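**Q** The structure under discussion is supplied below as structure tokens; questions concerning it will follow.
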Amino acid sequence: MEPTVAVIGATGAVGDVFLRVAAERKLPMKQLKLLASARSAGTTLTYAGREIVVEETTEASLADADIVFCSASSDVSRQWGPWLRERGKVMIDDGSAFRMDPTVPLVIPEVNGDDIEWHQGIISIPNCTTTPLAMALHAMRQVAPLKRVIASTYQAVSGTGAAAVRELNAQVAAMGRGEPIPPPEVYPVQIAGNVLPQVDVFGEDDYTAEELKMRNETRKILHEADLPFAATCVRVPVAVSHAEVVNVEFTSDAPMALLHEALRSQAGVELIADPHKYVTPLDVAGDDRAFVCRLRPDRTVEFGVTFWCLTDNLRKGAATNAIQIAEEVIKRGKLKY
């Protein structure tokens, strides 16, 4: 079946990447509808060489959609998710509104694609820092059970949105010209030439919402509700691609050769086995793989490793993962529930 597909938030940073990835992967559809706020309605976007006029997101514009991708605010997701579900449609949500809802699958197709089988009209994609980490951990736990995970992130400004990219670019340009730096508007302090050890608002136990998302989402995706997990999330002056340093402790011996074999066998993961070689955010921008490199023993614990993990946050971290979920929904015949 070729569904009618609608994209809420088509004019945003993820929406732009969604159109490119959907065209690259030739996502099957009989019609594509691009939706946004009333302010953006009337804008023209290009998909696979043809122009499509953006419509306002309304009940009328969603009425004939089968699959709806939502990449907007949590308020928008909460507004339209239940409405679409009640009408037997499928919403694939890029935001955090439903990720921890026990009735909503949180899916990385290469890790827990089977969870699509029990969806009830809404499927969430993970936070863009969770995705590459969960893929690497899923591979590694085939060698030995996980005991504890500690992650420190280096997150690109595009994770905040297009306005954050513009803010970084404006500050860098001013620095290059020797002019006063424009005051920050998106972030609490200047991001150019700086790092911010805060992503999202502070929450329980002095962790930020982003740090709690990483913990809670990883547990849900891996079906390991009690996995000890701590994260420190940091925003860095990079446009695209999130990176992480991860320490994993296992409950038993996890030989490096077997970890290499498991990572090489994991769909969507690219292992760079030589611990002296690595890729950077610039290298992985535009790529759909999660990269694992600098994998080496953590000699502070009995059974542990440390590694560098990264992916394009707009592609596999968002748009590509959402499109892969749609492909799975169609392949599994789960367009209706």
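The values are calculated or read from the model by the stated rules, or taken from the named source; none is laboratory data. Small disclaimer: the values here were computed from a predicted structure and weren't measured. Every residue, glycine among them, receives a Cβ derived from its backbone with ideal geometry; neighbour counts consider all protein chains shown.
**Q** Kindly indicate which of Val172, Val186, Val165 is farther than 21 Å from Leu295 by Cβ and assigned to a loop (DSSP other than H, G, I, E, B).
**A** On the way: Val172 fails: assigned to a loop (DSSP other than H, G, I, E, B); Val165 fails: assigned to a loop (DSSP other than H, G, I, E, B).
Only one candidate qualifies: Val186.
**Q** Ok, one more. Looking only at segment 192-215, decide whether some residue is closer than 19 Å to Ser158 by Cβ, exposed (fewer than 13 other Cβ atoms within 10 Å of the Cβ), of a type in the set (Gly, Ala, Ser) and not assigned by TED's automatic domain parsing to the domain that holds Phe98.
**A** Scanning segment 192-215, I find at least one residue that is closer than 19 Å to Ser158 by Cβ, exposed (fewer than 13 other Cβ atoms within 10 Å of the Cβ), of a type in the set (Gly, Ala, Ser) and not assigned by TED's automatic domain parsing to the domain that holds Phe98, so the answer is yes.
**Q** Can I ask one more? Could you please find all residues in segment 242-269 being of a type in the set (D, E, K, R) and touching an Asp or Glu at 6+ places or on another chain (Cβ under 8 Å)? Reasoning before the result, please.
**A** The first filter runs over segment 242-269 and keeps only residues of a type in the set (D, E, K, R), leaving 244, 249, 253, 261, 264.
Residue satisfying the conditions is Glu249 alone.
**Q** Now a separate question. Take the residues in segment 270-316 that are of a type outside the set (Gly, Ala, Ser), within 21 Å of Arg235 (Cβ to Cβ) and out of contact with any strand residue (DSSP E or B) (no Cβ under 9 Å at 6 or more places or on another chain); name whichever of them is surrounded by the fewest Cβ atoms within 10 Å (Cβ to Cβ).
**A** Here the answer is Leu282.
**Q** Further question on the same structure: Which residue, of Ala262, Ala225, Ala267, Ala254, is on the phi < 0 side of the Ramachandran plot, assigned to a loop (DSSP other than H, G, I, E, B), crowded, with 17+ Cβ neighbours inside 10 Å and not basic (Lys, Arg)?
**A** On the way: Ala262 fails: assigned to a loop (DSSP other than H, G, I, E, B); Ala225 fails: crowded, with 17+ Cβ neighbours inside 10 Å; Ala267 fails: crowded, with 17+ Cβ neighbours inside 10 Å.
Just a single option satisfies the conditions, and that option is Ala254.
**Q** How about segment 296-314: which of its residues are assigned to a loop (DSSP other than H, G, I, E, B) and within 30 Å of Gln324 (Cα to Cα)?
**A** Going residue by residue through segment 296-314, those that are assigned to a loop (DSSP other than H, G, I, E, B) are 298-303, 312-314.
Asp312, Asn313, Leu314 - these are the residues of segment 296-314 that are assigned to a loop (DSSP other than H, G, I, E, B) and within 30 Å of Gln324 (Cα to Cα).
**Q** Within segment 55-75, count every residue that is within 26 Å of the chain's Cα centre (by Cα) and under 24 Å from Glu327 (Cβ atoms).
**A** 10
**Q** Return the residues of segment 97-128 that are among the aliphatic types (A, V, I, L, M) and not in a loop (DSSP other than H, G, I, E, B); say none if nothing qualifies.
**A** Of segment 97-128, the ones among the aliphatic types (A, V, I, L, M) are 97, 100, 104, 106-108, 111, 116, 122-123, 125.
Hits for segment 97-128 are Leu106, Val111, Ile116, Ile122, Ile123.
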